Each structure stands twice: as structure tokens, then as C-alpha cells.
There are 2 protein chains.
Amino acid sequence: MGPLLYFGVVLSETSMVTGRSNSASGGRRGGRRSPRGRARERKVTTAPAYVKRQIPFYEFLGEEGLVKLEDQAEWLIQEVGLEFRDDPKALDIWKKAGADVNGTRVRLDRGMARELCRSAPSEFSQVARNPARNVHIGGTSQVFAPVYGPPFVRDLEGGRRYGSYADFENLVKIVQQLPSLHHSGLVIAEPCDLPVSKRHLDMVYAHMKYGDKPHLGAITEKSRAQDSVDMARILHGANFMEDNCVIMGNVNTNSPLLVDRVVTEAAQVYCGANQGLIVVPFILGGAMGPVTTAASIAQALAEAMMVGAFTQLVRPGAPFILGNFLSSMSLRTGAPTFGMPESVISNLVIGQLARRLGVPLRCGGSLTASKLPDAQAAFESADSMLSTALGGANFILHAAGWLEGGLCTGFEKLVIDADRLGAYQVMLSGLPMDDNALARDAYAEVEPAGHFLGCAHTMANYETAYYEALLSDSNNVEQWEEEGSKDTARRAYEHWNQLLKDYQAPPLDQAKDEELQAYVTKRKEQIPDAWY
Amino acid sequence: MGPLLYFGVVLSETSMVTGRSNSASGGRRGGRRSPRGRARERKVTTAPAYVKRQIPFYEFLGEEGLVKLEDQAEWLIQEVGLEFRDDPKALDIWKKAGADVNGTRVRLDRGMARELCRSAPSEFSQVARNPARNVHIGGTSQVFAPVYGPPFVRDLEGGRRYGSYADFENLVKIVQQLPSLHHSGLVIAEPCDLPVSKRHLDMVYAHMKYGDKPHLGAITEKSRAQDSVDMARILHGANFMEDNCVIMGNVNTNSPLLVDRVVTEAAQVYCGANQGLIVVPFILGGAMGPVTTAASIAQALAEAMMVGAFTQLVRPGAPFILGNFLSSMSLRTGAPTFGMPESVISNLVIGQLARRLGVPLRCGGSLTASKLPDAQAAFESADSMLSTALGGANFILHAAGWLEGGLCTGFEKLVIDADRLGAYQVMLSGLPMDDNALARDAYAEVEPAGHFLGCAHTMANYETAYYEALLSDSNNVEQWEEEGSKDTARRAYEHWNQLLKDYQAPPLDQAKDEELQAYVTKRKEQIPDAWY
């Protein structure tokens, strides 16, 4: 066997006995014309505003199983019912719609929730202040957004600490520059140095000022949701928002089967203004849902479908996104676990159920219980994210930056995850099958036992043929050692610091900026400081 | 909103403002009966001998695309042809079969290769010396095997170095104890301190002595293949092997479109003895195949199908496994890249093509270009491995331990990958949908807004509900810090060292052992030392 050498690597797995490693230095290359001969700079891909999926959905569960899960969800809604607490107005809305309301327990006849969800748009656009960043949500579109909610942050040099507003603003500026994050979310990390009662104003303003991607609004209290919508009206115009979604809220049900007023008030504020609401049952199996995965999926469907029905009673046609967040637990400690096969399966199945219901789906994302951006973090995040992407989720929150079961935002994790999101985008774009892809001409130029390194077909295609992962080091070990033997976390640290150095604020109309600032100032004067 | 506390974690992604972290200490738990109350030891799962897949195949490419790729493969075989070099006997076999042989170029009429492959079994068993370890290859079975071929090894304390026989024997002993590796492969790392001309004897003996899982034999030279088969005859009996596959060879074509005598001789030795041959086109796109993925997949199909046809001319009915190894390259350096979306797609598509051809498929595995078992390694390996598993590959080589594009075996990487393989096994086993899984009884016990932590359904199911990843740390950050803030690599280092301490050799018939040792001794006397 005479193995072909490729930069000195023996190109056969069964004859790797010499250990010669690949080298990008030109010594062995001779005078062949070759893509390798060109010095290349790292380039930032110009990414599309969102993913337009070109590959089939993976139909994990058969018809019989899907019907069983849907039947179970209907059974839960009709027989067990959901609690709607602390919001008498929500109960009035249910009563007017003909629901069976007993105290705070709400039950619907079989099929009613599903029927009500029909008026929710199966697809819609969220408009960004930069129209090139508008995202389409639903159908075969997929939108990636960063982690949401952690009170802590961690970076390689600064260690783990409570998130501050300075961290938050830096994270917004980094997300703005990551091409595979299509949406900037909201609470990339909690700015814990700001009063809880006011920080939503600073967060929403920062997304509007330092980014031009679509983002979410606050939901933790009704007036905070209203502030978010009011600020969006300044930025986008009140009339425009009557017909266009420019901001959304993301709420969790209190599983099992409890919906509190955070959810129903957010529905009234956001959907009442014809803006979007994402409703996510947040189920750790064995705690907030049964320990068996099928039952927890059915419960998630019941809870989200019920709130979806409620949004359509508030305003028929308002955008509603069905969410799923299903996790498992460690038998050793009872701690929540992430990226495990049960949640992988749930991502695939809930995708099927959402398509049958005809509403967009939110899943998350690059999830892990790891404290560091290490191998555990990457394995768990990859399995979680790939299954979410394959499952067809239309809006993927927590797609980058999540550590510690969601308690901590990792600066390095954020840019490493985002780098992988580019790979998922390429996978979702499918396999070209045209004449150029089949390359018959290349075989006229390259004989058997030859090589394609410099052939015309390679030269014509190599710049676009393969995904270029910025943070993957594919150099040989000698070169990698010469460059400091940096692991992925170290390279990621350098990358996000460079992004902050390179950051340029996207232009914002000065009058609107001043109006936004005045709104924030006025509201901060009105609201007392509070830390809850 | 009154979020449920779970070990003190605020269980809502939108209200994670307190940063209280989960704790396994009992302080908050009170007297509830709960799975968390039981102290648990880490337990090694008793894993099945191989994966019996229960989930659908993912049909990535539509009929039209598959037909195009098959047509292209037939075109390559008929019009371009393959080179069969350095083995006149192989050319004689082709001539007798009616092939168009011109010098060393062999062309077949359209459909002939596919037709010849029909006599290869679509499914077969490889028998291990421990019958409980027999694996089934083909259909819906999936078998995971470790990395094959690296000349280097790396571990956390010992660093990177040439592999030695001591390393090799340790790796065999570790693989023997990893429940999700069903097969022990062969060259887990090259024992570079042994002469190339003799090391196959030590490697095959070590697999037979220190493990009882099925394994491969040598292929690098005809007499080494023959030694492997002869040693298998000592272990399993010559008569038994006439009807049963107990050993296989794994060979690479020399892409593009070149088959050398390593391959044809291995086919004559292994298939001639009714043993299995795995044939893998090893294509780095842009070098050994066109830079467009569709063309490289078609070329891989043509090459493997042609050698598959050859194996059936050698002995109709001999086990043949169609292999695929398709990689991409970095635009920055030209270096091979792994785990990228193009190879993810190729794993899914080749699975469809192999099923249409009716032969088992080999893919690999947990691949990466990273030098360390870090986030890059895990992301690339996860995407590669998950797509391989979803694609339905029946034999997955390199499923654990691969670093540096296959130049280095990582001790930590081996056990981390193997831990994840357990998760893929669970995913492949599907979603139970029986009454217990739907858990309607649990809702009689647990009211809305309650919790399932101690309910009867949870107690009855929690021990088997979720995959338990040994090397994932899901503890809270304080506990993790108390235990030394170990990253995944450090925990993996401790794990494989513990496995070596715990190792016990599986019993081997003493007479057979002596006969094997005598064979090795005799052959070492006959063969001169050589280092190539």
C-alpha cells in the first residue's frame, strides 16, 4: 500500500504507523497550484438573518404514539385541568369563553384548546430595527438566540461571579457580532448590580441601542412587560406594531399544571398589543412532571396548548410559540441533568407535536450541567442542540452561552456554542445535488490514484465547499504547540475579547435614542428601588 | 410567580435571579420520601452486547437524490473504472468474472457490482470468545468499537508520546471494561516499541487474552492477515469458522478509485476463510475525492461497492461491510477537519445508500481534529457520532478515543466518549409509550401545582428512567468546588486509572492460551524484525 501523503499525514487509518504529522509549511508542497498555497485570513461569514431549513423533519415517533400523547394532553386538560392563580381577570376570560372554571381550576372540553390555537399564526415575522435582521418564525425557519436568565457569569480570567450591568452590556455587544445568533434574546445574564425593579429598562434599552437584532421584552411583572412594549413603540411606532410583531415575551408555566399571573398578565400585555408570547413548560422530570418521558412530553403539550388557547382568547391571531423544556435528573444526586438522551428524544417528539398543532415551536438549546466550557459542556450541548435543530424548533433559546444548568452564562461558552451553530446552519441547508456538486468533469481531469488538490473543480469550489469553524484548531500538533498549546476555552477567550475591541454600535436614529433614554429616566424616577 | 424550589434551585428560567444553587445536603428536604434521600453509589450499567435500534432511520435525502448518487457510482464503475494494482491474482478474478480489464483498470457493466453484492449477507453475527459478547451486524443492530490506528497516545499526566505495547495493553484492558464499547477493534494505539513485522501478533494475542469482546485482525500485509485468521482458528476452531464469522479485517481503498493489494489480499485471506471484510474509502474531500460532498459520497459508494463485489467473487456469502469515511478541510490551512456538517450529512446519506444496497454499514465515530479532550473535541465528536448513530451505521469504528485527526489515542478521550455512547444507546432504544410511561395514575396522586418527587410512580421508575452519565458532573458549583473543581478530563483520568486498578482478566482456557502463545513465539522466530 502506498498511502497518499497530505501535508505529510499518512492518509489511511490502517497505516498510520509513521506518526508524521501535517504541516502547513510549504516544504513538501512543491509547485502545484493548490488552495493550500494561498495565505488566508480568518473571515467572518456573512450569515443569513435566520435558517431556512432545506432538510426533512425527522419523524421520530409514529402516528400511534403521537395520537397517544395528544390524547393524554386532552385528558389532562379535560379531566385534571390546570390551575390559573392570582389573576381573576384570566378566570373571567376563561368563563366568557365557556370553560369549566371551578375556583381556580380550569378545564376545557376535549378539542377546545386545540381549536382555539388555530387562530394563532403558524408562521410570522419578528421585525428588527435593522430590516436585514428580521426573522421569520415557524414553518421551515429556525432562529437561534442566546442563553436567557443566569444570575452568574464566568470567564476564563475573571472567574465566576454575579453578573453585572457591565457584563450584560458586553454580552449584548458580543451577541450582536456573532453571525449565527439571529436574535439577541433578553437576559443574556442578570445585571445583578441593578435593582430588580428597574433593570428591565436598562436591559431592553441596551438591546435596542447596542444591537440591531430582534430581541425579547421583560415578563417578570406586568408593568415591566408594559415598559418593554412601550419602549418598542418608541422604536418601531405604535401603528406599525398593530400589524407587526417587534417584541415577544418568554414565560414559563409553573409545572405541573399551574399557570400564574406572570404568564396570564404577560399574555394580556404582549398578545393584547399583537406581540408574541413564547410559553414554555419548564419540566424537570420526576419533579415538575412524571419521571417517564412520554408523560412529561404530554404534560408539556397540555400546559403550552392551554396557555396558547388563552393567548388567542386575549387577541385572536396574536403570535404564540409553543415551548418545550424537558430535563432529566441524576440518580446519584437528584440534580437536574442536561443533554441526556431523554431530552434529546423529547426535542424530536415535541417538534412533531407542534407541527401537528400548527404553531411555531421553541426549544433550547446548548444545555449542560457543567461548570466549565469543557468536554462535558460540549458533549451535552451538542446533543441537545443538534436534536433541537433536527427536531425543527423554530425559535431556539439558550442556543449559546449556557453553563451550570442555566445558573451561569459563560463568555467562552457563548462564542464556542455560536461557532457550532454555524455548522448546524450548514447541515440544515441540505446537500446540493446539481451537476457542479456531482463533479463529473473533475474525473476527466483527475485519473484514478491521482488527487483533486489543484484540479479545476476544487479551485472553483473550495472557498464555499466546507464550513469554516473559527474556534476549531485543525493544525498539526507541532504548529498548535508553537502557537501556545491553547485549548478551546483559551482561544474562545481571545476571540470574545477581540470582538469587544472590534465592536461598533449599529446606527440608531438620534431622536429615537433620546426618546428611549427619556423614557428610561422617567420610569426610573417613578419606580422605587427593589431587589425582588 | 412562586417558583418551585428543587434543591434550592429556582426552577424557572425567567426568574433565576437569586442564584441559590442546588445542594444535595438534606437540610431543606424534610421528611418526604424521595429518591434524593437515598445515598447512591456509582454503578456500572450492565449493557447489552450491542444496540438493538428501536427508532426510525432518518431519511435525509429524497428518492431523486439517492438515485442520482447511485447513478453516479455506476457511471464511475462503468466509465472511469477502478485501478487494481500490485495483485495480478485480483485481476485474474475480475477477468474470470467477465469484467472489462485493461491493464490494471477494471470496469464493470452498469449494475454488475450491485448484483454481485447481493450474495453478501445483509446481517450476520460476529462471534466472540464469550458468547454473551457476540455482536449482530446489519439491519437495525449497531455495534460500537474504539479508535483504530493512532501512532501516538496522550494522557493527562503522561502527555503525548509514541504509543508503546504497555499503552496498548492498558487500552485493551480499559476497553474490556467500558460497557458501551461492544467490540474492541484492533489497533487502539500502535505499539510503536515493537517491530512492525511482529506487533500484529502481540496485538491480536492481547485482544484474545485480556478481553472477551469480538475484535479485528491485522491487514497491513497478507501474512499478517493470515496470522490473525490462524490465531482465531486456535481460539474458535477451524470447523466453527467455516460457518461463523469470528474475526474481520478493516481496509481502506486508496481513493480516488485505487485498490491496492493490501485490500485484495485481505479479501482473499478473510473472505476466503468466510470471515468478514470492512471496506472503507477514506476520503478527505478536495484531496482524495471532489471537494463537493455529493460527489465524494458517490465515489465512496463506487469504491466500496466495487470491493464488495470483489469479496463475493472470492467467496460468495462472505460477510462484507460497506464503509464510509468522508472528511472536510480547513480553508485556512488545508488541514483535514472532522465533525463538520458536510461529514454529518454524509453519514446520514450513506446510511440510506447502504440500506438500498442491502449490506451492513461501517461509519466512524467520535472524530475530531483537536489535540486535547476539550470542548472542540467534544463538539466535533458529538456531532460526528450522533449523526453516525442516527444514520444507522451498523459498525462504528473510532466510536471512542480519537484525537488529532486519528494520529493520537487519548486515554481520557476514550472513557469520555464511551460514557456518551451510553446516551446514544438509550436514544436509539426509543420512547416507551405504555401505560406506565403515560403515568395517568401519578396525576391522581399529584395535584396541579404539586410535585412528583416522592410519588409512587416516581419511586417505581426513577432508577431506570434516566441515563446516568458517569463522567458528567451535575452537582452545584459549591459541591463541585469542594471536590476539587475538576474538569471532565481530570475526572476521566481518575476513571481510567481506577478501571486499570479494577481490571480482572476474563477466564481463558489454559490449553488454548498456551497454544496461542506457542503460535506467537514460533512466528516471531520465523519473522525478521522490520520497522515498516
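The values are calculated or read from the model by the stated rules, or taken from the named source; none is laboratory data. What you are looking at is a predicted structure, and each value in this text was computed from that prediction instead of being measured. Counting neighbours? That spans all protein chains shown, and the Cβs are built from the backbone with ideal geometry, glycine included. The accessibility values were calculated without ligands, DNA or RNA, using every heavy atom of the protein model including side chains. Shrake-Rupley method; radii C 1.70, N 1.55, O 1.52, S 1.80 Å.
Failed condition for A:R356, given (1) closer than 24 Å to A:L66 by Cβ; (2) open to solvent by less than 10 Å² (accessible area, probe 1.4 Å), with all others met?
Evaluating A:R356 over (1) closer than 24 Å to A:L66 by Cβ; (2) open to solvent by less than 10 Å² (accessible area, probe 1.4 Å) leaves (2) as the failure.
Has the stretch A:374-384 got any residue that is facing chain B (nearest Cβ under 8 Å), open to solvent by 10 Å² or more (accessible area, probe 1.4 Å) and closer than 19 Å to B:S485 by Cα?
Yes, that holds for at least one residue.
So which strands (runs of 3 or more DSSP E) stay within the stretch A:121-207 end to end and still have 1 or more residues that are in contact (Cβ under 8 Å) with a residue 12 or more places away in the chain, basic (K, R) and under 21 Å from A:M385 (Cβ atoms)?
It comes to A:152-155.
Can you work out which of the residues in the stretch B:322-363 that are of a type in the set (G, A, S) and not in a loop (DSSP other than H, G, I, E, B) is nearest to B:Y58 (Cα to Cα)?
B:G351
Would you confirm whether any residue within the stretch A:330-342 is within 9 Å of chain B (Cβ to nearest Cβ) and under 24 Å from A:V135 (Cβ atoms)?
no
Suppose we filter the stretch B:80-95 for residues that are touching a residue at least 12 places away in the same chain (Cβ under 8 Å), away from every other protein chain (no Cβ under 12 Å) and basic (K, R); how many remain?
So the count comes out to 1.
Which condition does A:G158 not pass, out of (1) open to solvent by 10 Å² or more (accessible area, probe 1.4 Å); (2) touching a Ser or Thr at 6+ places or on another chain (Cβ under 8 Å); (3) under 28 Å from A:C408 (Cβ atoms); (4) among the small types (G, A, S), if it passes all the others?
(2)
Considering (1) surrounded by fewer than 24 Cβ atoms within 10 Å (Cβ to Cβ); (2) within 23 Å of A:M433 (Cα to Cα); (3) in contact (Cβ under 8 Å) with a residue 60 or more places away in the chain, say which one B:Q312 fails and leave the rest.
Among (1) surrounded by fewer than 24 Cβ atoms within 10 Å (Cβ to Cβ); (2) within 23 Å of A:M433 (Cα to Cα); (3) in contact (Cβ under 8 Å) with a residue 60 or more places away in the chain, B:Q312 violates only (2).
Check B:L277, B:L284, B:L301 and return the single one that is crowded, with 24+ Cβ neighbours inside 10 Å, more than 10 Å from every other protein chain (Cβ to nearest Cβ) and within 21 Å of B:Y148 (Cα to Cα).
So the residue among B:L277, B:L284, B:L301 that is crowded, with 24+ Cβ neighbours inside 10 Å, more than 10 Å from every other protein chain (Cβ to nearest Cβ) and within 21 Å of B:Y148 (Cα to Cα) is B:L277.
Run down B:V106, B:V101, B:V143 and say which single residue is in contact with a helix residue (DSSP H, G or I) (Cβ under 6 Å, 6 or more places away or on another chain) and farther than 17 Å from B:G308 by Cα.
B:V101
Could you check the stretch B:481-495 and list, in sequence order, the residues that are touching a residue at least 24 places away in the same chain (Cβ under 8 Å) and within 7 Å of chain A (Cβ to nearest Cβ)?
B:T488, B:A489
Test B:G391 against the criterion of being surrounded by fewer than 24 Cβ atoms within 10 Å (Cβ to Cβ) and touching a residue at least 24 places away in the same chain (Cβ under 8 Å), and give yes or no.
no
How many residues does the stretch A:419-441 hold that are open to solvent by less than 10 Å² (accessible area, probe 1.4 Å), touching a residue at least 12 places away in the same chain (Cβ under 8 Å) and aliphatic (A, V, I, L, M)?
Residues that pass the stated criteria total 5.
Do the conditions hold for A:K413, that is, is it crowded, with 24+ Cβ neighbours inside 10 Å and part of a loop (DSSP other than H, G, I, E, B)?
Answer is no for this residue.
Regarding B:E478, is this residue touching a residue at least 60 places away in the same chain (Cβ under 8 Å) and open to solvent by 50 Å² or more (accessible area, probe 1.4 Å)?
yes
Provide a single number: the residues in the stretch B:346-364 that are farther than 19 Å from B:G276 by Cβ and among the aliphatic types (A, V, I, L, M).
Residues flagged as farther than 19 Å from B:G276 by Cβ and among the aliphatic types (A, V, I, L, M) within the stretch B:346-364 amount to 3.
Take A:V426 and tell me if it is facing another protein chain (nearest Cβ under 10 Å) and within 20 Å of B:E342 (Cβ to Cβ).
Taking the combined requirement at face value, the residue satisfies it.
Confirm whether B:T388 is closer than 18 Å to B:F144 by Cα, assigned to a loop (DSSP other than H, G, I, E, B) and polar (S, T, N, Q).
Considered against the rule, which asks whether it is closer than 18 Å to B:F144 by Cα, assigned to a loop (DSSP other than H, G, I, E, B) and polar (S, T, N, Q), B:T388 comes out as no.
Can you pull out the residues in the stretch A:325-344 that are under 18 Å from the mean Cα position of the chain (by Cα) and of a type in the set (V, I, T)?
A:V344
Considering only residues that are farther than 15 Å from A:A369 by Cβ and more than 7 Å from chain B (Cβ to nearest Cβ), look in the stretch A:402-416 and name the one that is nearest to the chain's Cα centre (by Cα).
Out of the qualifying residues, it is A:L414.
Quick grid of which residues meet (1) at pLDDT below 95; (2) surrounded by 12 or more Cβ atoms within 10 Å (Cβ to Cβ):
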position	(1), (2)
A:G27	yes, no
A:R32	yes, no
A:P35	yes, yes
A:A39	yes, no
A:K52	no, yes
A:S122	no, yes
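Just name the residue that is surrounded by the fewest Cβ atoms within 10 Å (Cβ to Cβ) out of those in the stretch A:442-468 that are free of Cβ contacts under 8 Å to residues at least 40 places away in the same chain, in a loop (DSSP other than H, G, I, E, B) and within 7 Å of another protein chain (Cβ to nearest Cβ).
A:G450
Can you name the condition, by its number, that A:L500 falls short on among (1) assigned to a helix (DSSP H, G or I); (2) open to solvent by 10 Å² or more (accessible area, probe 1.4 Å); (3) within 30 Å of B:C408 (Cβ to Cβ); (4) more than 10 Å from chain B (Cβ to nearest Cβ)?
Exception for A:L500: condition (3).
When the stretch B:125-148 is examined, which residues are found to be touching a Gly at 6+ places or on another chain (Cβ under 6 Å) and not β-branched (V, I, T)?
B:A145, B:P146, B:Y148
Hey, does the stretch B:227-244 have a residue that's in contact (Cβ under 8 Å) with a residue 12 or more places away in the chain, open to solvent by 10 Å² or more (accessible area, probe 1.4 Å) and of a type in the set (V, I, T)?
Among the residues of the stretch B:227-244, at least one is in contact (Cβ under 8 Å) with a residue 12 or more places away in the chain, open to solvent by 10 Å² or more (accessible area, probe 1.4 Å) and of a type in the set (V, I, T), which makes the answer yes.
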